[in-house]
1. Over 18 Å, how big is the tail of the calculated P(r) for segment 93-181, in percent of all Cα pairs?
2. Can you give the convex hull volume of the alpha carbon atoms of the chain per residue, in Å³?
3. Could the peptides 72-79, 46-53, 28-35 be put in order, highest first, of the mean number of other beta-carbon atoms found within 10 Å of their residues?
4. Can you pull the percent of the chain's accessible area that's carbon plus sulfur, 1.4 Å probe, other chains left in place?
5. Looking at segment 79-150, which GluC sites (Glu not before Pro) are DSSP coil and have at most 14 other C-beta atoms within 10 Å of their C-beta?
6. Once you have the Cα-Cα distance between Ser201 and Val228, take 0.36 nm times their residue separation minus that, and quote the gain in nm to one decimal.
7. Leaving ligands and nucleic acids out of the surface, order Thr152, Thr61, Thr207 by accessible area at 1.4 Å, largest first.
8. Please list the non-local residues whose amide H lies under 5 Å from the amide H of Lys133, H modeled 1.01 Å from N, same-chain partners needing a gap of 5 or more.
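The values are calculated or read from the model by the stated rules, or taken from the named source; none is laboratory data. Please read all numbers here as calculations on a predicted model, not as lab measurements. We place every Cβ from the backbone using ideal geometry, glycine too, and count neighbours over all the protein chains shown. For the accessible areas, the whole protein counts, side chains as well, though only heavy atoms, and no ligand, DNA or RNA atoms are used. Shrake-Rupley method; radii C 1.70, N 1.55, O 1.52, S 1.80 Å.
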Amino acid sequence: MSSEQGSVDSATIEKTKQQIRGLVQEIAQLSRSDLEPDQYYAEVMHRIVTALAAIGGAVWTINNERQLRLDYQINLKQNLLDPQSEEAQRHVRLLQQVISSGEAKLVPPLSGAGDSESAGNPTNSLLVLAPMKSDDSVEGVLEIFQRPDSQTGSQKGYLRFLLQMSDLVGDYLKSRKLRHFSDRQSMWAKIDHFSKEVHNSLDIRDTAYTVANEGRRLIGCDRVSVTV
């Protein structure tokens, strides 16, 4: 290889690295924002898929019933969207393994035990999976569908990159949880103030005025009516 060719390759590699660093900085900035989850996951997943030149990806979170919920996806195969299909069930069990272990993993295409009740990868893609953690609890899974013909070193690079991204998503989840607790504490303080105000007088008219005025501030509306 000529020195000129080598310099071109080095320039291309450096340009690619700069683009990836730029995407990482963008995701880090998004993770410090107060975007709603649906918008945040869309922005983040598009950047991750672009950075890895992947086929697609998905964000899975755990709902209040401790079940997996698909929050966002790019090019997710239709058979994985059907909860009644055997492929979808095997895939869900694979995601649940990541949640239970809290460990990231690479899963080769069309892999898993022959048992229909086991976990596995029913797709033709290499699956790159990383848990999303808030403090010590796993809140969901980041999933990337990658081409299976990449070298082992590249596959490990995909996993390291997705782990870095899942850490940033974990920061977003932690910040969002703290904001939720702060908002809830603020609401309880407002309720406590309202309760004290309405008990300041035994006069019905004064109390009704207080309920209307303070109630309007409490629930954030233009007008509250009180009937006796």
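1. Tail of the P(r) past 18 Å holds 48 percent of the pairs.
2. Details: hull volume 40.8 nm³, N = 228.
In the chain, the Cα convex hull volume per residue is 179 Å³.
3. Numbers: 72-79: 15.6, 46-53: 17.9, 28-35: 14.0.
With the highest mean Cβ count within 10 Å placed first, the list reads 46-53, 72-79, 28-35.
4. Values: 6800 of 14140 Å².
Carbon and sulfur atoms account for 48 percent of the accessible area of the chain.
5. Here the sparse-neighbourhood loop sites are Glu103, Glu117.
6. The span from Ser201 to Val228 would gain 8.1 nm if fully extended.
7. Per-residue accessible area, sorted high to low, gives Thr152, Thr207, Thr61.
8. Glu139, Gly170
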